[in-house]
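Heads up: the structure comes next, in structure tokens.
Just so it is clear, none of the values below were taken in a lab; they were calculated from the coordinates. For clarity, every value in this text was computed on a predicted model and none was experimentally measured. Note: ideal-geometry Cβ built from the backbone for every residue, glycine included; neighbour counts use all protein chains shown.
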Amino acid sequence: MRRLIRFSLPLLALAPLTQAHASDRHFTFTHETDVLSKGDVELEPSTTFRLGKPGGYFGVDERIEFEVGLGHRLQTSLYLNATTERAGDGQGGFTSESAFEGVSWELKGKLSDPVADAIGAGLYLEITAGPGGVEFEGKVLLDKSIGNFVGALNLVSEAELAFHDEGLHPEAKVEVDLGLAGRIGKYVTLGVELRQHNLIEAEDGETQMKLLHSALFAGPTVAWRSDRWWGALTVMPQVARLGGEGTGVLDLEEYENLSTRLLFGVHL
Amino acid sequence: MSAGRLLAVAIALGSQLGCSVLVHPADVHVAWATPRWPDVTLAELAQGRTEYVDHCAGCHTLVRPEAQEPEHWPEHVSEMEDEQGVKLTADERQHIVRYLMVASAIPVVPKD
């Protein structure tokens, strides 16, 4: 944890020194279709806190993103990913582990604009490679901005090949993200985000892939923009298990009880 | 909800979205613009709309033209160049300013 703080603080300290303007996001899990102008560069550190699994589990995912506008309504990003996890050791103590999770490359294209056109649309592709496996993620992005209202919907699918001791282990994820927010004054938006996540994989020792985990998350989101940087925060409790294996109102085997994501954008 | 109801809601929502589109330049805009800039053309205004969407949505959602008085737009565009580092060629600036001014004056093309 201390390492993460040491990692993040210098980035935040940069904020007041840099020029104004940034492509402000209103949500932290849901993406909008906006892309940076050609040659513009933005630094986006993102921290996700995951807690509320049995045994005192606590996880922190740190992603540092460098975004570059390519022009022609395209933007590309490079991410560095790290995770710190703390879990109970079953004897009242805790073990804590930090790991570098790899790098990701993203390409995002904007097809239409949420203000100028009837609906904003975009495509998003992300490839991650790390010590744990490789991951391909595709998203269809839709958004709309009318007056003081912003709405965004993402359809996400992800294929992962995880490196396990017994060989490659395939996983598929399907996710729907929805964000709705209203502007309050010039600098702040307030809203809600919903996330529906499904995990499809083979159970240990089997080859047949099936829906093992499915859950709905929902919670409030706030975003603010100053002249120099922007930030967004979502607090997203798990609301319900929607299917898959296991019993109980919530799925705490795969997912956490509470995810909180904090995102900053700093224009370089 | 029945399929018919759902369709009606979808159509109502769709037309709401359709109404919120940034106006596409038409003859009424050229008529408004010609006394100010005798060389203006419909093609230039259409070009201005495209360039506005391409150059001005990189940092914030597009500001609707009618949110500012037509006369204030040249100032706003200069401010974006001087203070926010937006890079425009002289032609792009002219197209964008002209589009924003006509679209601010006539945000919806009247139906005849």
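The distance from the alpha carbon centre of region A:102-154 to that of region A:221-268 is 17 Å, rounded to a whole number.
The loop-placed GluC sites (Glu not before Pro) in region A:167-211, going by DSSP, that have at most 11 neighbouring Cβ atoms within 10 Å of their Cβ come out as A:GLU203, A:GLU206.
Hey, in the GNM for chain B with a 10 angstrom Cα cutoff, which one of B:LEU42, B:LEU62, B:LEU22 fluctuates hardest? Evaluated over chain B, the most mobile residue of the options is B:LEU62. Comparing A:ARG228, A:ARG50, A:ARG63 in a Gaussian network model of chain A (Cα springs below 10 Å), the most mobile by mean-square fluctuation is A:ARG228. Over the residues of the protein assembly as shown, the helix contribution to mean residue ellipticity at 222 nm works out to -6500 deg cm²/dmol, using -39500 (n - 2.57) for each DSSP H run of at least 4. Under the criterion of Cα pairs below 8 Å and six or more residues apart, the relative contact order for chain B equals 36 percent. Across region B:66-77, computed HN-Hα scalar couplings (Karplus, 6.51 cos²θ - 1.76 cosθ + 1.60, θ = phi - 60°) run 6, 6, 10, 5, x, 5, 7, 5, x, 4, 4, 5 Hz from first to last residue, x flagging Gly and Pro.
When only C-alpha pairs under 8 Å and at least 6 residues apart count, what is the relative contact order of region A:3-267, in percent?
Once normalised by length, the contact order is 20 percent.
Scaling against 2.2 N^0.38 Å puts the C-alpha radius of gyration of region A:47-99 at 1.69. With an a/c value of 1.5 or above and a/b larger than b/c for the gyration tensor axes a ≥ b ≥ c computed over the alpha-carbon atoms, the protein assembly as shown is described as prolate.
The GNM of chain A, with springs linking C-alpha atoms under 10 angstrom apart, assigns the highest mean-square fluctuation among A:GLY167, A:GLY246, A:GLY102 to A:GLY167. When you work out D = kT/(6 pi eta Rh) for region A:164-268 at 20 °C and 1.002 mPa s, using the Kirkwood radius from C-alpha pairs as Rh and the Stokes-Einstein form, the result is 134 µm²/s. Normalised by 2.2 N^0.38 Å, where N counts its residues, the alpha-carbon radius of gyration of region B:3-105 equals 1.26. Across all Cα pairs in region A:94-136, the calculated P(r) in 5 Å bins from zero up to the longest distance comes to 6, 17, 16, 12, 12, 11, 9, 8, 5, 3, 1 percent per bin. The loop-placed trypsin sites (Lys or Arg not before Pro) in region A:145-206, going by DSSP, that have at most 16 neighbouring Cβ atoms within 10 Å of their Cβ come out as A:LYS186.
Taking trypsin sites (Lys or Arg not before Pro) as exposed when DSSP calls them loop and at most 16 other C-beta atoms lie within 10 angstrom, chain B has its longest site-free stretch at B:37-86.
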